[in-house]
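Beneath this line is the structure, given in structure tokens, with notes to follow.
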Amino acid sequence: MKRIMFCPSCGDSIEENQEFCRNCMPDQDLEFKDIGFDLCEKCGKYNFRNKWRISNGAKQAISEIVKESTKSKLDRIAPKIPNVTMKAGVNVDFKVMVTSNFQEYEIKGRFLMTICPKCSKDNTTYFEGILQLRNPTDEVKAYIKKMLNEGKARGVYATSIKEVTNGLDYYITNKSYLRKIGKELKKRFDGDFNESAQLFSRNHQTSKDIYRINLLFRCK
């Protein structure tokens, strides 16, 4: 009687002289180059192949990079990161244990703790627009604070908040997010809204004018 054998990976039947089926045959040449990337100390984004990407920190970044670096099916990815101080300027050497078709591989890598371009605008005088809040209630100010805290996760900051007559001026680093704040204020609170643009500079490479925007919201 012919003995029935099964692939230990997928369960399909195989010949007696086979260890795996054709689809699950281990890649004998599964190799990774040493992984290198930058990790933002503030927001957790990582820069790999000249592109900044969102992550929840080093382990997720490493796992995503490993997946992107091979076409082979990976059953397990286990980053091992040393317990070191994660501050900008520090190089961190790490290892990743990868399992593919019951074979285990060790990958080495290094990432540099740094500050991404968006977060580098924090604690500077850079801004793309001003939210001019007038006669604000405590409820409106609390909502603005909430929106600004949510913006930090996207690399958007209020680099300055100035008290002025009858209100506050918020200097925001991203025009698109500033417009989002304005849209939410109009929707949630009673008040007068106005948007205006001010010529800031000119991009000599594209020959386009660069504008800063002012959003005025006067609470009733």
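I'm trying to understand the selection: among the residues of the stretch 151-165, which are charged (D, E, K, R) and at pLDDT 90 or above? Walk me through how you get there before you give the answer.
Pass one, the stretch 151-165, residues charged (D, E, K, R): 152, 154, 162-163.
Of everything in the stretch 151-165, those that are charged (D, E, K, R) and at pLDDT 90 or above turn out to be Lys162, Glu163.
List the number of the failed condition for Thr85; all other conditions in (1) in contact with a Lys or Arg (Cβ under 7 Å, 6 or more places away or on another chain); (2) in a loop (DSSP other than H, G, I, E, B) hold.
Only one criterion is unmet by Thr85, namely (1).
Somewhere in the stretch 102-112, is a residue out of contact with any strand residue (DSSP E or B) (no Cβ under 7 Å at 6 or more places or on another chain) and in contact (Cβ under 8 Å) with a residue 24 or more places away in the chain? Give the derivation first.
Going through the stretch 102-112, the residues out of contact with any strand residue (DSSP E or B) (no Cβ under 7 Å at 6 or more places or on another chain) turn out to be 102-103.
Imposing the further condition that a residue be in contact (Cβ under 8 Å) with a residue 24 or more places away in the chain reduces the set to 102-103.
Yes: the stretch 102-112 contains one or more residues that are out of contact with any strand residue (DSSP E or B) (no Cβ under 7 Å at 6 or more places or on another chain) and in contact (Cβ under 8 Å) with a residue 24 or more places away in the chain.
When you go through (1) in contact (Cβ under 8 Å) with a residue 60 or more places away in the chain; (2) in contact with a helix residue (DSSP H, G or I) (Cβ under 8 Å, 6 or more places away or on another chain); (3) not in a strand (DSSP E or B) one by one for Cys116, which number turns out not to apply?
(2)
So Tyr126 clears everything in (1) closer than 24 Å to Gly44 by Cβ; (2) part of a strand (DSSP E or B) except one condition, right? Which one?
Looking at each condition in turn, Tyr126 falls short on (2).
Regarding Ser120, is this residue surrounded by 12 or more Cβ atoms within 10 Å (Cβ to Cβ) and within 24 Å of Asp169 (Cα to Cα)? Explain how you work it out, then say what you get.
Values: surrounded by 12 or more Cβ atoms within 10 Å (Cβ to Cβ): yes; within 24 Å of Asp169 (Cα to Cα): yes.
Considered against the rule, which asks whether it is surrounded by 12 or more Cβ atoms within 10 Å (Cβ to Cβ) and within 24 Å of Asp169 (Cα to Cα), Ser120 comes out as yes.
Any residue that is under 17 Å from Thr124 (Cβ atoms) and at pLDDT 90 or above - is there at least one of those in the stretch 197-209?
no
Just checking: which of the strands (runs of 3 or more DSSP E) contained wholly in the stretch 33-72 hold 1 or more residues that are touching a Pro at 6+ places or on another chain (Cβ under 6 Å) and not assigned by TED's automatic domain parsing to the domain that holds Asn91?
On the way: elements: 35-40, 46-48, 51-53.
Strands (runs of 3 or more DSSP E) meeting the threshold: none at all.
Select from the stretch 129-165 the residues that are part of a loop (DSSP other than H, G, I, E, B) and not aliphatic (A, V, I, L, M) and write down the one among them that is farthest from Ile65 (Cα to Cα). Steps first, please.
Applying the first criterion (part of a loop (DSSP other than H, G, I, E, B)) to the stretch 129-165 yields 135-137, 153-157, 165.
Right, trim to not aliphatic (A, V, I, L, M) and you get 135-137, 154-155, 157, 165.
Numbers: Asn135: 49, Pro136: 46, Thr137: 47, Arg154: 21, Gly155: 22, Tyr157: 28, Thr165: 51 Å.
So the residue we want is Thr165.
Among Lys73, Lys67, which is more than 30 Å from Leu215 (Cα to Cα) and without any contact (Cβ under 8 Å) to a residue 24 or more places away in the chain? Break it down stepwise before answering.
Numbers: Lys73 fails: without any contact (Cβ under 8 Å) to a residue 24 or more places away in the chain.
None of the others qualify; the one that does is Lys67.
Are any residues in the stretch 96-117 over 22 Å from Lys73 (Cβ atoms) and either surrounded by fewer than 16 Cβ atoms within 10 Å (Cβ to Cβ) or among the charged types (D, E, K, R) (or both), and if so, which ones? Walk me through it before giving the result.
Kept after step one, since they are over 22 Å from Lys73 (Cβ atoms), are these residues of the stretch 96-117: 110-117.
Selection gives Arg110, Leu112, Pro117.
The values are calculated or read from the model by the stated rules, or taken from the named source; none is laboratory data. These figures come from a predicted structure and were not determined experimentally. Note that we place each Cβ from the backbone using ideal geometry, even for glycine, and neighbour counts take in every protein chain shown.
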